[in-house]
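A quick write-up on the structure given underneath.
Rule-based calculations on the coordinates, nothing more; no lab input. Please read all numbers here as calculations on a predicted model, not as lab measurements. Ideal geometry is used to build each Cβ from the backbone, glycine not excepted, and the neighbour counts take in all protein chains shown.
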Amino acid sequence: METAQLQREIREFAVSAGIDKIGFTTADPFLEMKNRLRRQQESGFQSGFEKGTPDERTDPSMLMDRPESIIAIAVAYPSKMDNPPKGKKGGRRGMFCRASWGQDYHDVLREKLALLESFILERCPGARLKSMVDTGELVDRAVAERAGIGWSGKNCSIITPEFGSYVYLGEMITNIPFAPDEPIEDGCGDCTLCLDICPTGALIEGGRLNAQRCIAFLTQTKGSLPEEFRTEIGNRVYGCDTCQTICPKNKGRHNRFHAAFEPEPELAKPLLTPLLSLSNREFKERFGHMSGSWRGKNPIQRNAIYALGHFREEAAVPELVRILREDARPYMRGAAAYALGKIASDEAITALGHAETAETDAEALEEIRAAIRNIEDMQKEVPK
C-alpha cells in the first residue's frame, strides 16, 4: 500500500477509534528539547519521575532501529462535572485534578494506540511500531508540538485550538516514512496569566517549570512537605489545574466526549476525613482505577490532613488525634500535629501536649512542638 494512502486511512481510522486528534512528524532528534532538558537537570528543576536520559528522551533512534516517523495522538478530557458535591463545615472535601477523573488515561490511550497498531499491521505487516503514553522515554509535548497537535504553552502544556490544553498525549514510533504535518503557530502571545497565578511560582518563565515547586508534583511526593507549600496546596489531594483553568484558550472547553473520563463526583471531590482511615486494599478498591492513585494512599492521606488544617476543620479533630497517637508513619503523625496546630481547639491542644511527651521520632516531635508554638503565637495575638 502507498504510504500516502495508508496515512489517509490512519487519519480516518483514528476518528472511529476515539482519537480526537492525530498528527505525524519525522523521527529526527528533538535537539531544542534536549538542550532544555539539560538546563533543567543543571538547575535541579526536574521532578525525578522522568524516564530515561536526555538523549533517550529526545532521540527516537535510541528507542527503535532506523525509525522514520512518529505518530502523535491526543484524546480530550472534560473540565466540568455535573452537580459537583459541595464541601461544608463538618464535611470538607478534597480535589483530584481533572487529569485524574474517570479511568486512568494511561490505560485508555494504550488501548487506542493498540487499536492503531493493529490497523497499521493489517495493512503493512512488515511495519515496526513502538507506542508509549506519558511514562515512556520520549517527551510527549515535544512530539505533539512538532506533529501539529498544538503549541507548547507558557504553562508547559500542549494547547490545541480545538480542545484547549485538556488533552492526553501519546505517540508511536514507526519505520514507515509518513509525510510530516506542520507545527501550529504559538497562540499564547503576550498573555502571562498562568505565570502570574501559579501559587508557588513554579512557572519561572514561559515554557519553563521548576517541578520541585509545582503543586501537581508536590501532591505526589512521599513523606512530609516543606511548610511553605502546605497552605498553597489548599484542598488539593492530587494534582493542580490552576495554570489550566486560568488559560483563556480553555474558556468554554468542556470536552465531554469519552465516557471513560467522566468524573465520579464522590471520587473526584472526596470527603477528606474518611480518606484518613482507608486501608491499602480499600484505597485500591475505591480509587485504583484513577491515574491519581499511582503513588498509593500515603500522599493522598497526607494531603488530606494538610487540607483539614487549611480548613481548620474541628470535626476532624478526633481522627487527627487518632493518627497523632497511633499511626505508624512518623510523617503522618507530623502532618496531624500540623493540622491540629492550625485548628487549635481545646481537644487539639490537649492531644498535642500528650504527644509531646510520648513521641520518639525526632522529626515528628519537631512538628508537634512547632504546632504548639503556632497555637501559643495565635493566643498571644487574641486581644484580651
Q. Relative contact order for the chain using alpha-carbon pairs under 8 Å, separation at least 6, rounded to a whole percent?
A. 19
(Q) Full-extension gain between Thr26 and Ala179, please, as 0.36 nm times their residue separation minus the C-alpha to C-alpha distance. (A) 54.3 nm
Q: May I ask which residue of Gly150, Ile246, Met33 lies farthest towards the positive end of the charge dipole of the chain, with charges of +1 (Lys, Arg) and -1 (Asp, Glu) on Cβ and the Cα centre as origin?
A: Ile246
Q | Packing-based exposure ordering (other Cβ within 10 Å, fewest first) of Val237, Val317, Val167 | A | Val317, Val167, Val237
Q. If you average the sequence gap of Cα pairs under 8 Å that are 6 or more apart and divide by the length of the range 1-136, what percent do you get for the contact order?
A. 32
Q: Express in % the proportion of alpha carbon pairs of the range 268-330 at distances exceeding 15 Å.
A: 49
Q) How much length is gained if the chain between Lys251 and His354 is pulled fully straight, taking 0.36 nm per residue apart and subtracting their Cα-Cα distance, in nm to one decimal? A) 32.0 nm
Q.
Give the residue list of GluC sites (Glu not before Pro) in the range 266-321 that are DSSP loop and have at most 12 other beta-carbon atoms within 10 angstrom.
A. none
Q: State the answer as a single residue: which of Asn83, Phe13, Gly207 lies farthest towards the positive end of the charge dipole of the chain, with beta carbon charges of +1 for Lys and Arg and -1 for Asp and Glu, about the Cα centre.
A: Asn83
Q) Dipole magnitude of the chain about its Cα centre, charges +1 at Lys/Arg Cβ and -1 at Asp/Glu Cβ only, in debye to the nearest 20? A) 800
Q | Nitroxide proxy distance, nm - points 7 Å out along Cα→Cβ at Glu266 and Glu282 | A | 1.4
Q. When only C-alpha pairs under 8 Å and at least 6 residues apart count, what is the relative contact order of the range 284-384, in percent?
A. 24
Q. Under a Cβ-Cβ limit of 4.7 Å, which cysteines in the chain have nobody to pair with?
A. Cys97, Cys124, Cys156, Cys188, Cys191, Cys198, Cys214, Cys240, Cys247
Q.
Once you place label points 7 Å from the Cα toward the Cβ at Asp65 and Glu12, how far apart are they in nm?
A. 3.4
Q. Mind checking which lysines have their C-alpha under 25 Å from Lys380, skipping anything on the same chain fewer than 8 residues away?
A. Lys342
Q: In debye, nearest 20, what is the charge dipole magnitude of the range 139-185 about its Cα centre with +1 on Lys and Arg Cβ and -1 on Asp and Glu Cβ, if you could check?
A: 160
(Q) Can you find, among Gly296, Val321, Phe283, the residue sitting farthest towards the positive end of the charge dipole of the range 276-321, where Lys and Arg contribute +1 and Asp and Glu -1 at Cβ? (A) Gly296
Q) Let a ≥ b ≥ c be the square roots of the eigenvalues of the Cα gyration tensor of the range 269-381; is it rounded (a/c under 1.5), or, if not, prolate (a/b larger than b/c) or oblate? A) prolate
Q. Taking the Cβ-Cβ separation of Asp55 and Glu111 as r and a Förster radius of 30 Å, what is the calculated FRET efficiency to the nearest 0.05?
A. 0.50
Q: May I ask for the distance between the Cα centers of the range 254-328 and the range 83-114, given as a whole number of Å?
A: 12
Q: Run through all the Cα pairs of the chain and give the fraction in each 10 Å bin from 0, expressed as whole percent.
A: 5, 21, 28, 22, 14, 7, 2, 0, 0
Q | Projected-area average for the range 113-270 over all orientations - Cα convex hull basis, square nanometres | A | 11.7
Q: With a ≥ b ≥ c taken as the square roots of the eigenvalues of the C-alpha gyration tensor of the range 48-91, please select rounded if a/c is under 1.5 and otherwise prolate if a/b is larger than b/c or oblate if it is not?
A: oblate
Q | Three-way shape call for the range 1-123 based on the alpha-carbon gyration tensor, with the a/c threshold at 1.5 | A | oblate
**Q.** Loop GluC sites (Glu not before Pro), the range 185-252 (other Cβ atoms within 10 Å of the site Cβ: 12 or fewer; DSSP)
**A.** Glu185
